[in-house]
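What follows is one structure encoded as structure tokens, with my remarks underneath.
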Amino acid sequence: MRNVAVVGIGHAKFGRRTDATIGELAWEAVKEALDDARLDQKDIQYFVVGNAGGWSAESLPAVVVGEYCGLSPRGTMRVEAACATGSAALYNAYLAVASGMADVAMAIGVEKMYESPTPTVVEFIGRAGNYFWEFENFGLTFPGYYALYMTAYMNRFGATEEDFCKVAVKNHYYGSINPKAQFYGLRITVDQCLKSRYVAWPIKLYDSSPITDGAAAVILASEDLARKITDTPVWIRSVGVATGTANLSKRPDFIGLDAAYQAAEQAFKRIGIEHKDTWKYFDVADVHDCFTIAEVMAYEDLGFVERGMGIQLVRNEQTYKGGLIPVNLDGGLKAKGHPIGATGTSMAVEMTKQLRQGVEPRDRQADIYTGWALAHNVGGTGHYAYVTIYSLDKNGSPRVKPKR
């Protein structure tokens, strides 16, 4: 397998994008990525489109996006892995380059969720598990799934609704200063979060990510070409992929997502680190915070801290810039937005920007010591999981950050 680098990134504005078709929205990200890499459409040998679909007009989004963006007649496919669809697209493009089937490939994540009414979106996301056993017969929606996890975590470890609201406050702070975020300019307080209406107790409106339209694109290149294309390649050093049971009743507990743990275990093993105190290896992370409980569980599934200690990171504000492990400095799904098919590619864009030290404004730029970053993307309620590790160094082992 060949070394693979990110050489170009692009990101559309997230939000309610009724001003753009799916092709136009994808082009915002694709054009930015091509300009970043100083490449033309003819240089892309293969492209993958991540799109969960169902709620948008186009049932064949890959060919529509490819034609509009001028990428035809290059080969393509549409991939889906629920909320981890963007990471699945990136992984597919990565494998194409790593295997030698392509030298330059592009992953495009795009979603137009606002083309359907809210009840339709709620139903489609609620189907991201076992439809007959959970959604059809028992009425579990996506917030309901994660409410099971939040109540279990609160009961086991003594966390409070206020603790989880602090996650929302942090992510809204960073989203408010991210021009591409859905909630750009909108900060909230713990009190506002606590007073927001319940969606599925104890999950409230401000514990939840929004419905979002958006797109993000990433260009990957082989080692031979990467240095010719850019002076700032960011290497994909490891990817872990795992799945969980479709039916939540088959899971042994509700305080973590085993698929995320297993994906992290794979990713860490490939770079030679233990699944413990992993915060010390990474300068920054983007984790899947579809709900605030999901971010806290991610801290533990990824081995930043032991099980039950994730809430302490929140209480001590250790996931802000300058903390033990800065997390979701782009606002996360909670405030940047969660366009299902684009979330994973958006994470790749952010981690690349962070390692390049090219984030604007600088209040969102993490301090770079080790040159390593991590993206954690979950599909459904731990039905799919992708953990992708990025590095400025294509070969070296992870270093440890200086003690704080």
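The values are calculated or read from the model by the stated rules, or taken from the named source; none is laboratory data. Since we're looking at a predicted model, the values are computed, not measured. Cβ atoms come from the backbone with ideal geometry, glycine included; neighbour counts cover every protein chain shown. Remember, those area values only see protein heavy atoms, side chains included, never the ligands or the DNA or RNA. Shrake-Rupley method; radii C 1.70, N 1.55, O 1.52, S 1.80 Å.
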Task: Relative contact order (%) - criterion: Cα under 8 Å, at least six apart; region: the chain - done: 25 percent
Task: Proximal charge balance of residue 51 [Cβ under 10 Å; K/R count +1, D/E count -1] - done: -1
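With only alpha-carbon atoms in the gyration tensor, what are the semi-axes of the equivalent ellipsoid for the chain, in Å, largest first?
30, 25, 19
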- [ ] With the Cα gyration tensor of the range 192-279 in hand, convert its eigenvalues to equivalent ellipsoid semi-axes via √(5λ) and list them largest first in whole Å.
- [x] 35, 23, 13
TODO: Give the accessible surface of the range 316-396 per residue, rounded to a whole number of Å², with probe radius 1.4 Å and ligands, DNA and RNA excluded.
DONE: 23 Å²
Task: Sites matching trypsin sites (Lys or Arg not before Pro) across the range 191-268 that sit in DSSP coil, with at most 15 neighbouring C-beta atoms within 10 Å - done: 197
Task: Tail fraction, Cα-Cα pairs, the range 1-53, threshold 12 Å, whole percent - done: 72 percent
- [ ] Highest first, please rank the peptides 340-351, 304-315 by the mean number of other Cβ atoms sitting within 10 Å of their residues.
- [x] 340-351, 304-315
- [ ] Kindly state, to the nearest 0.05, the FRET efficiency for residue 393 paired with residue 269, given R0 = 22 Å and r defined as their beta-carbon distance.
- [x] 0.75
Open item on the list: Once you order the gyration tensor axes a ≥ b ≥ c over the Cα atoms, which shape class does the range 117-209 get: rounded for a/c under 1.5, otherwise prolate or oblate by comparing a/b with b/c?
Closed with: oblate
TODO: Let me have the 222 nm mean residue ellipticity of the chain computed from DSSP H runs of 4+ only, each contributing -39500 (n - 2.57), with the sum over all residues rounded to the nearest 500.
DONE: -10500 deg cm²/dmol
Open item on the list: Can you work out the Karplus-derived ³J(HN,Hα) for every residue in the range 64-78? Use 6.51 cos²θ - 1.76 cosθ + 1.60 with θ = phi - 60°, whole Hz, and x for glycine or proline.
Closed with: 5, 5, x, 5, 5, 8, x, 9, 5, x, 4, x, 8, 7, 9
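On the accessible surface of the range 110-199, probed at 1.4 Å, how many percent belong to carbon and sulfur atoms?
Of the solvent-accessible surface of the range 110-199, carbon and sulfur hold 56 percent.
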TODO: Subtracting the Cα-Cα distance from 0.36 nm times the residue separation, let me have the gained length for residue 19 to residue 190 in nm, one decimal.
DONE: 58.2 nm
Task: Cα lying deepest toward the dipole's positive end in the chain, options 131, 359, 61, charges on Cβ - done: 359
TODO: Have a look at the DSSP beta bridges in the chain and tell me what percent are antiparallel, nearest 5.
DONE: 70 percent
Task: Estimated dipole of the range 87-164 in Debye, rounded to 20 [Cβ of Lys and Arg +1, of Asp and Glu -1, Cα centre] - done: 180 debye
